[in-house]
Structure formats: structure tokens, C-alpha cells
Amino acid sequence: MWKITSGLNAILALSLLGFNVSDVLADTWPTRPLRLVVPFSPGGLTDVVARSVAERMSEDLGQTVVVENRPGAGGNIGAAVVARAPNDGYTLLVVSQFLALNKTAYRQIDYDIESDFAPIGDIGQSAIFLVMRPDFPAKNLQEMVAYMKRHPGKVNFAVAGAGPTAAYFAMATGTEFATVPYKGNAPALTDLVAGRVDAIFIAAETVLPYINTGKVKVVALTSSDQRSAYFPDVPVAAAAVPGFVAPGFLGLATSKGTDPAIVARLAKALKFALHSEQLLAQFKKLGIEAVESSPDQFASRIATEVQRWAVVVKATNAFVN
């Protein structure tokens, strides 16, 4: 009889006996805690979602999934950390629309979102609204666009981490307006309520308290061409501006070259998380609709969003460096 002294030797021995190594990995993995890298600061929507998903995945995997925030460079620092991590499935990345955008927006970047990762699956889609100051002289999106065309360059859009969504909107509507940059949503919303800026694209969960109190007016849902199940009364922007959709999505990936059996195991744990009633209740409060997908389907989503934002960035010269 052989005396197996390590996990590596065990797998080698089993392979010699005709066992499929991937099957062995799927049955025995993971054997230690995992790391989930959030490429943005703590406390934001992506971070809150990641921590909820990590907790539920831990239950299925039997190992702790530790969330690690690695913000900076629009998400590129954290993404590069995972791209350089060992391809053993123990380091995961929260992928969002910002990383799809960054592939084109950043001319110099340390990773490729399409080729340096193994996609695991979607987490969900965030509802993103176009909102305007309550006294803006328009009742709906059609009137807003008409007003901007009559007053080119006079409307001010607050931009707080939304990337070139405003530029995309200008391109889709054939309008001209000014943009005012902010370091975060809080000061942008303060100025919107005060009437110092006219409009902003922003995640639903961030702006809902302001909408409910009448401090701002919601114009349209911009993240989908279908009405949200959570906000059925909010019209979609694509109904008035055909083709204009700027999805806010979140998903998981790990390092390129990770064994497909491990990727499948992670996808199973993610699916388990997305079936949690507690998680779904939290998602509803955040305005996020859970989305289940296969690794291949999530890879296709990433490719679609990379292409969407490549067209916008090049057409509007919205390069960061």
C-alpha cells in the first residue's frame, strides 16, 4: 500500500489509478478559506452585495469567504490583484459594468477583463435611474430631451462614478449638456436637491429616499429595456430613446486557468446563494434583481458590455489615460 503524505500526492496517485483529477478536486475542494476581492471602497452597493453573497456561499462551500476591499483606479487595482492570483479558485473578483467599461476607457491597464479571468456567473442587475431636480421644466424623458435640444449646453448633469453614461446619453439623444464631476453620490445629490445641478444617473437604492420625499423626480429606468419588477411604475428610457440601455450588473469571476471543476463548484455555491430568501429580501431593498447564469453566459455578458462601452468611449473620446 502507498502511504500518501500530501494532497498533491493523493491526487497524483488517484490519477495513476484512473480517476479523473477534476472530479477529485470537485469533491474535495475547498480545503481553506476563500478571498473575495471587491475593487471598490467599503460601504458602497458593490461591497454590500458582495458581503451578502460571500456569507451565503460560505454556507454551501463549508469554508469562510473573506471579503477584501481593494479600491483604486476605477476598480482596476482590485481586478489586477485577482488576475495575478494563483489559478486555484481561492481568489474571486466581483465584476461590474465599470470593469467592462475600463477595458476601453483606460489605454494603459494591467489586465484584460475578457481573457485574464474565468467567469463564474451573474449575481444580479442593479436598477439605475435617471433623476432630475424637482423643479426641472419637464414631466418625462421626452420633454426633458426636447428641452435640452432647445437649450444646448444649458443643462448640467452631475457625474459621480457613473463613467461615460452621461456621454452615452448625449450620443443617443443627440443633445449637448454640461457635466459636473463629484467624488461621490452624497455631494452630488445635495447639489441636485438644492438645484445647483439638473440631473444624475444613479443606483435606485441610493436615491430612493430622495424620490420618496419628493426631493428629486425620477425620469426613467436606464439599466434595462424592461420595467423593473421592483419599480413597475418607472418607465424605461429605451421607450423614449430607442437602444439606450446602460446596465448595472454584478457577477463573479476567478483567475484564468482555474480547473473547470472548481469553477463549476463555485457556480453551484453562487446559485445556492441566489436562492437564499434572506439574500433576495436584501436585494429587493437594494433594487437589485438576482440573475442566475452559467459561466459561459456570464462571459457573454461581459463581452457584450465591453463592446457597448467601447463604442461609447471611442465615439465620445471618454478615455481616462
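A few notes on this one:
- Counting only aspartates and glutamates at least 8 places from residue 215 when in the same chain, those with an alpha carbon closer than 20 Å to its own are 135, 143, 191, 198, 205, 233.
- Each residue was assigned an accessible area with a 1.4 Å probe, and for residue 98 the value is about 50 Å².
- Folded to 0 to 90 degrees: helix 7-16 orientation relative to the chain principal axis, Cα: 70 degrees
- Taking Cβ atoms as reference points and 12 Å as the exclusive limit, the residues near residue 133 contribute a net charge of 0, counting Lys and Arg as +1 and Asp and Glu as -1.
- In this structure the amide hydrogen of residue 177, modeled in the peptide plane, comes within under 5 Å of the amide hydrogens of 153, none closer than 5 places in sequence on its chain.
- Region 130-143 - phi-based ³J(HN,Hα) in whole Hz, Karplus 6.51/-1.76/1.60, Gly and Pro as x: 9, 10, 9, 4, x, 9, 5, x, 7, 9, 8, 5, 4, 5
- Accessible area in the full protein assembly, largest first, 1.4 Å probe, for 90, 230: 230, 90
- Theoretical gain in end-to-end length, residue 294 to residue 310 [0.36 nm per residue, Cα-Cα removed]: 3.3 nm
- Taking every DSSP bridge with both residues inside the chain, close to 60 percent are antiparallel.
- Within-11-Å neighbourhood charge of residue 101 [Cβ basis; K, R +1; D, E -1]: +1
- Taking 26 Å as the limit for the C-alpha separation, the pairs 217/271; 183/268; 103/285; 103/183; 154/284 exceed it in the case of 217/271; 183/268; 103/285; 154/284.
- Neighbourhood charge, 13 Å Cβ-Cβ cut-off, centred on residue 168 and excluding it, Lys, Arg +1 and Asp, Glu -1: +1
- The 3J(HN,Hα) values that the Karplus relation (6.51, -1.76, 1.60; θ = phi - 60°) gives for region 62-69 are, in residue order, x, 9, 5, 10, 8, 7, 10, 8 Hz. Gly and Pro appear as x.
- Note that region 166-182 has calculated 3J(HN,Hα) couplings of 4, 5, 4, 5, 4, 5, 6, 9, x, 10, 10, 8, 8, 10, 10, x, 9 Hz, one per residue in order, obtained from phi through the Karplus relation 6.51 cos²θ - 1.76 cosθ + 1.60 (θ = phi - 60°); glycine and proline are x.
- The chain, helix-only ellipticity at 222 nm - DSSP H runs n ≥ 4, -39,500 (n - 2.57), divided by all residues, nearest 500: -13000 deg cm²/dmol
- For residue 95, nonlocal amide neighbours, meaning residues 5 or more places apart or on other chains whose placed amide H falls under 5 Å from its own, are 251, 252, 253.
- Between 0 and 90°, nearest 10: helix 277-286 axis offset from the chain longest Cα axis: 30 degrees
- Less than 5 angstrom separates the built amide H of residue 68 from those of 36, 37, 38, all sequence-distant by 5 or more or on a different chain.
- In degrees, nearest ten, helix 185-194 long axis to first principal axis of the chain (Cα): 20 degrees
- Listed by chain and number, the aspartates and glutamates whose C-alpha is less than 13 Å from the C-alpha of residue 256, apart from same-chain residues fewer than 8 away, are 88, 112, 114, 116.
- In region 220-277, trypsin sites (Lys or Arg not before Pro) in a DSSP loop with at most 11 other beta-carbon atoms within 10 Å: none
The values are calculated or read from the model by the stated rules, or taken from the named source; none is laboratory data. Predicted model only: the values in this text are computed from it and were never measured. Glycine gets a Cβ as well: all are built from the backbone with ideal geometry, and neighbour counts include every protein chain shown. For accessibility, only protein heavy atoms count, side chains too; no ligands or nucleic acids. Shrake-Rupley method; radii C 1.70, N 1.55, O 1.52, S 1.80 Å.
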